[in-house]
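Since the structure comes first, as structure tokens, the remarks are kept for the end.
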Amino acid sequence: MTDLKSVAVVGGTGNLGAAIARRLAKAGRRVVIGSRSSESAAKAAEELGFDLTGAANADAAAACDIVIVTVPFAAQGATLAGIAPHVAGKIVIDTTVPLVPPKVMRVQLPVEGSAAMRAQSLLGEGVTLVSAFHNVAAHTLITDADVDCDVLVFGDDKAARAEVIGLAEQMGLRGLHGGALVNAAAAEALTSVLIFLNKTYQVDGAGIRITGTLIEPTD
């Protein structure tokens, strides 16, 4: 992983985007918050501090080496269309979960099989797509508290997955290889299960933790 790579957080004025941006900036990354309006992005960056800057989504994506997309499922298509001209040859991390209100406690995967596969089809083969950060509670991540859950990282490029695992570690999280991009459907679907658990058992942000002694891959 190259620590100096800059990161754009598209949709960074939302809860998850702001939390990711803050954690990465605090860890020393150069982060640009993206939003539909540059004014909203600049305001969010100023409020979060840590030398964050703000820009319109397309400008943020163009300015950075890695792009993290943190928008609701309903906004995924339009957002990806807006940044597509600026992400060729880059790693794009899609965090989208296909929640369809009001039935957010029911798994509702799109016809492509997952939001991640939909993102890959929309962006094309010139983009290295990785899917991650589906099951992390944003309201905890935005604080300095320890986040007691793992981040499963999916993608067809192992080196790109490792890059994203490095980002997770800089944010104080444990990232784990989850396999090919198609496997992202499992983590996306699990989000609805976690929402159900939160409500049923009155949990303040349920997450997942992989048990057992894990040996780091060597190749």
Inset, instruction - Calculate for the chain the 222 nm mean residue ellipticity that helices alone would give, adding -39,500 (n - 2.57) per DSSP H run of length 4 or more and normalising by residue count, nearest 500 deg cm²/dmol. - result: -11500 deg cm²/dmol
Legend entry - Cα extents of segment 7-129 along the three principal axes, largest first (Å): 40, 33, 25
Legend entry - Rough spin-label spacing in nm, given labels placed 7 Å along Cα→Cβ, for Ala74 and Asp148: 3.4
Inset, instruction - Return the whole-Å distance between the Cα centroid of segment 160-219 and the Cα centroid of segment 1-45. - result: 21
Legend entry - Antiparallel DSSP beta bridges within the chain, as percent of all bridges there, nearest 5: 5
Legend entry - Value of relative contact order over the chain, rounded to a whole percent, pairs C-alpha under 8 Å and six or more apart: 18
Legend entry - Set Lys43/Lys90; Lys43/Lys158; Lys5/Lys43; Lys43/Lys199 screened for pairs whose C-alpha atoms are more than 31 Å apart: Lys43/Lys158; Lys43/Lys199
Inset, instruction - Could you list which residues have their amide H under 5 Å from that of Ile68, counting only those 5 or more apart in sequence or on another chain, with H placed in the peptide plane? - result: Ala8, Val9, Val10, Ile93
Inset, instruction - Sort the following peptides by mean Cβ neighbour count (other Cβ atoms within 10 Å, averaged over residues), highest first: 158-166, 199-207. - result: 158-166, 199-207
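Rounded if a/c is under 1.5, else prolate if a/b beats b/c, else oblate: with a ≥ b ≥ c from the C-alpha gyration tensor eigenvalues square-rooted, which is segment 88-219?
In terms of gyration-tensor shape, oblate.
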Inset, instruction - Have a look at Ala75, Ala44, Asn135 and report the one farthest towards the positive end of the charge dipole of the chain, computed about the Cα centre with Cβ charges (Lys/Arg +1, Asp/Glu -1). - result: Ala75
Inset, instruction - With only Lys, Arg, Asp and Glu charged, each at its Cβ (+1 for the first two, -1 for the last two), find how big the charge dipole of the chain is about the Cα centre; round to the nearest 20 debye. - result: 420
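Every number in this text was worked out from the coordinates using simple rules, so none of it is lab data. None of the values given here were measured: they were computed from a predicted structure. Cβ: placed from backbone, ideal geometry, glycine included. Neighbour counts: every protein chain shown.
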